[in-house]
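**Student:** Okay, here's the structure, questions in a sec.
No lab work stands behind these numbers, since they all come straight from the coordinates. What you are looking at is a predicted structure, and each value in this text was computed from that prediction instead of being measured. Using ideal geometry, Cβ is built from the backbone for each residue, glycine included, and neighbour counts are taken over all protein chains shown.
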Amino acid sequence: MVSSAKIYLKTGSVKRRTISLNGIWNVCGTSDSATIHDLPHAFRNTVPVPGLLDMAAEPITEPAALYRLGFDVDGNLPQNAMLKINKAWWGKTIYLNASKVCEHQPNFTPAYVQLNKYIHTGKNTLLIRLGNYNSQTVEQGHVVGFDFEKFDYVPGIYDDVSLYFCDNPMIQYLQLAPDAERGRLTIQLTLENTGENDAEDAPEYKVYDAAGTVVLHGCFDKVRVKAGETVRVQITVPFPNAHLWTPEDPYLYTAWAATAGDEITARFGMRTFRFDKKTRLPMLNGKPYYWRGTNITMYRFFEDPDRGALPWDREWAKQVLLSFKKTNMNSIRYCIGFPPQLWYDLADEIGFLIQDEYPIWGEVDVRQKTGQVPHWGEQAPDVMHTLLPELIDWQNEHANHPCVAIWDIQNETDTYVTEILIRQMRDAKTDLSNRPYDNGWGRPASPTDTIECHPYLFGDPHMTWNKANRAPRDPALRRHQSYNYINSFDVSLLPNNPRITNEYCWLWINRDNSPTTLTTELYRNLIPNATPEERRVYHDYGIAKLTEFWRSSRTSACLLYFCGLTYCKLDVGRTCDEFLPDIAHPTCSDTYVKFMHDAMAPLGICIDDISDRYRPGKKEMNIVLVNDLEAPWAGEVTLKVTLGGEQISVNTLEGRVDGYGRVILPASIDIPDRLEEKGEVIASYVDASGERICSRRPFTISNDLKDDLQPLWL
């Protein structure tokens, strides 16, 4: 069977004609040294695009693979025929009609392939050859997506493939840079003339609102694009009274731009995002905006045993993201790599702010000595030369998404290379919106770039809640790797940059409630002999407590726990997500949904004590209210104590907190002398919708609190 597509090109139709090549392709395995002349005459195997090679109808065991798609072109060919492969790994060679067109080695950014010299009317045969994880040598300098916690690196064309036709001047990129605070919009076009003659053009633009009404319309100044030349044109126009984009109101506009021979559209949201230099607060459309969210490690989920075709199922992806919304989350880190394009479109539509992380973890660590990680050592300058075009492609591809708020160039890597690359990217002005950067364990490249914090208190399997209760609240102090570049624990040397806590917890359990390989000893110490169901509830309490613990101090304005979606690999998996075993219908436990919904409520309430053993007698504690909203709040806060399911006390406190503010309410409770009995402290308030929002602290009455005096793990 030969997969094929029909393409009809009609004179006088739209300026650009785009055809999706997604679907079932033929595929065959090949050796590393095979050429297209060694191929079998019949491709009997098939594979979906987008997808991975393990989804082929028959297993592929060879080290390389060749994808094949036939397509017929009916009509007159325009001046440009462009193939776009959104994402595929590892490395790709493109052939059309038995001729080699080009190679494209980057694994995480699009390949734009000019087919003009090779395409013709009638039947065409497209071949795309992929290597495997070991195909790209270190000397090539391309990021391969190494991950300490991955096991399988399955090749595949894992994002959309399309073909588009147009005349000159061709529009390579359309970038929109909204300025919500000043009420204006910058529109930039990158134009290319592939013809033999110079072209003059005055490109036109329009902006449509969500109802399809034109709200902006105009033209650029006339520009000459010489033969073989690429130029940028840019215009800034007033856009007053625009409907602003926020995660709570994700309103989208559509921009259209056209030359005499081409046209392009892109969705965008009118929004600005930055970190304030003085307050270090994230500012959305000129107002403080606290992040409450999670992580998605899609490349790990790619090796989940139950993954199937789920990552490319739009409705499934929508349910995953909506499950985060149900727990009051407004932000996500796309961790150690980029999911398929549809996940960005959905984040725009549903309303999430994204920290967009390039899949670098250890690879450009020039001091890496373990031999476990692919790295480039003294070739760092060549690496920078190789990586810069990939990073430019990354930003060109994602810049119009209002969800993308922070560029994250790497994860937990101690290197100077990425700091230099950030500066080069800023000098190139690739991102007209000048988003902030996160630089992993590297030094921040500017005063308003973020510092990545991973305060994993329970990374020590002997940690207890009473010891964790004494942890300093600056998340940057938890792990010295955050500041390897200063080689010191001296707090005075830490820069005053915004902290972003984009990983915390370390209480992972698998979807069947068993511990992961990183938490087996921890749970053995914390709750020995627990049933799977007891472990699930304990986990749900724990993640909510840690969320409140880090949130209530206001030392980190961006709080993203790990992990919302990743793999579940029993017996070998190091981490896991919060979903229950039937991942095809993504649901979480009722206790997780309720506890995290409350822990991430916009008006947060926190019992500022996460210890789980109390001595008999009077216990002093603080109730902290944090308000992520602009409007002040005033109301009653109820503090209730139960023991063995019986209510033993209830008190009412008067609470008031300013917009974006934080307030501490001192309180005390009486703990009876009933040793080893279990109880719960609940602080709560009723929100505007009538729902009671709670902070819960389960406890055991005990005189054995010696760990309160033990040194805290750092």
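**Student:** Under the 0.36 nm per residue contour assumption, what length would be gained going from the current alpha-carbon distance of N703 and F148 to full extension?
**Tutor:** That pair, N703 and F148, stretches by 195.6 nm at full extension.
**Student:** List the lysines whose alpha-carbon lies under 23 Å from that of K618, not counting same-chain residues fewer than 8 positions away?
**Tutor:** Within the straight-line cut-off, K618 pairs with K467, K545, K640, K678, K706.
**Student:** While we're looking at this one, here's another question. Would you give the gap between the C-alpha center of the stretch 83-152 and the C-alpha center of the stretch 28-47, rounded to a whole Å?
**Tutor:** Value for the Cα centre distance between the two parts: 16 Å.
**Student:** Got the relative contact order for the stretch 4-166 handy, in percent, Cα pairs under 8 Å and 6 or more residues apart?
**Tutor:** Taking the mean separation of contacting Cα pairs over the length of the stretch 4-166, I get 32 percent.
**Student:** Still on this structure, I have one more. What is the stretch 153-248's relative contact order, in percent, from Cα pairs under 8 angstrom and six or more apart in sequence?
**Tutor:** Once divided by the residue count of the stretch 153-248, the mean separation gives 28 percent.
**Student:** Give me the net charge of Y153's neighbourhood, meaning all other residues with Cβ under 13 Å from the Cβ of Y153; Lys, Arg count +1, Asp, Glu -1.
**Tutor:** Surrounding charge for Y153 is -3.
**Student:** Which option, (i) 143, 74, 60; (ii) 82, 65, 52; (iii) 89, 58, 46, is the value of Cα extents along the principal axes in Å that was calculated from these coordinates?
**Tutor:** Correct label, based on the coordinates given: (iii).
**Student:** Please list, in order, the residues from the stretch 253-282 whose amide nitrogen is less than 20 Å from a point placed 7 Å along the Cα→Cβ vector of K325.
**Tutor:** Within reach of a label on K325, which here means backbone N under 20 Å from a point 7 Å along Cα→Cβ, the stretch 253-282 contributes 253-254, 267-271.
**Student:** Can you check what the net charge comes to around F220, using other residues whose Cβ is under 15 Å from the Cβ of F220 (Lys, Arg +1; Asp, Glu -1)?
**Tutor:** So the surrounding residues net to -2.
**Student:** Subtract the Cα-Cα distance of R615 and K206 from 0.36 nm times their separation in residues, and report this length gain in nm to one decimal.
**Tutor:** Extending this stretch completely gives an extra 140.4 nm.
**Student:** Under the classification rounded if a/c is under 1.5, otherwise prolate if a/b is larger than b/c and oblate if not, where does the stretch 605-708 fall, given a ≥ b ≥ c as square roots of the Cα gyration tensor eigenvalues?
**Tutor:** It comes out prolate by the Cα gyration axes.
**Student:** Longer than 23 Å from Cα to Cα, which of K92/K117; K206/K325; K100/K123; K15/K92; K15/K222 are they? Say none if no pair is.
**Tutor:** In this structure, K206/K325; K15/K92 lie more than 23 Å apart at Cα.
**Student:** Here's a follow-up. Set the Förster radius R0 to 30 Å, insert the Cβ-Cβ distance between A309 and V572 as r into 1/(1 + (r/R0)^6), and round the FRET efficiency to 0.05.
**Tutor:** E(calc), rounded to 0.05, equals 0.80.
**Student:** Taking 8 Å as the Cα distance limit and 6 or more residues as the minimum spacing, I'd like the relative contact order of the chain as a percentage.
**Tutor:** Normalised by residue count, the contact order of the chain is 9 percent.
**Student:** Where the centre of each part is set by its Cα atoms, how far does the stretch 455-469 sit from the stretch 600-663, in angstrom?
**Tutor:** Their Cα centres are 23 Å away from one another.
**Student:** What value, in deg cm²/dmol to 500, does the helix sum -39500 (n - 2.57) over DSSP H runs of n ≥ 4 give at 222 nm once divided by the residues of the chain?
**Tutor:** -4000 deg cm²/dmol
**Student:** Test of the criteria: in the stretch 151-186, which chymotrypsin sites (Phe, Trp or Tyr not before Pro) are in a DSSP loop and have at most 16 other Cβ atoms within 10 angstrom of their Cβ?
**Tutor:** F151
**Student:** A further question on this structure: Quick check: from the Cα gyration tensor, does the stretch 101-215 come out rounded (a/c under 1.5), prolate or oblate?
**Tutor:** oblate
**Student:** Each label point is 7 Å from the Cα along the Cα-to-Cβ direction; what then is the distance between the points at N285 and N116, in nm?
**Tutor:** According to this spin-label approximation, the distance is 4.4 nm.
**Student:** If you don't mind, another one. Within the stretch 606-637, which residues have the backbone N less than 17 Å from the label spot 7 Å out from D276 along Cα→beta-carbon, could you tell me?
**Tutor:** 626-632
**Student:** Now for a separate question. Quick check: pseudo-label points 7 Å beyond the Cα along Cα→Cβ at K226 and R662, how many nm apart are they?
**Tutor:** With each label point 7 Å from Cα toward Cβ, the separation is 5.8 nm.
**Student:** Sticking with this structure for a sec: Say R0 is 45 Å: what FRET efficiency, to the nearest 0.05, do S649 and E248 get from their beta-carbon distance?
**Tutor:** Calculated value: 0.75.
**Student:** Provide the gained length on full extension for the span T517 to A34, in nm with one decimal, where the gain is 0.36 nm per separating residue minus the Cα-Cα distance.
**Tutor:** The T517-A34 span can extend by a further 169.8 nm.
**Student:** Could I ask something else about it? Among the trypsin sites (Lys or Arg not before Pro) in the stretch 85-155, which ones are in a DSSP loop with at most 12 other Cβ atoms within 10 Å of the Cβ? Mind listing them?
**Tutor:** Here the sparse-neighbourhood loop sites are K117.
**Student:** Right, next: What would the Debye formula give as log10 I(q)/I(0) at q = 0.11, 0.17, 0.19 Å⁻¹ for the alpha-carbon point model of the stretch 4-166, no solvent?
**Tutor:** -0.44, -1.01, -1.24
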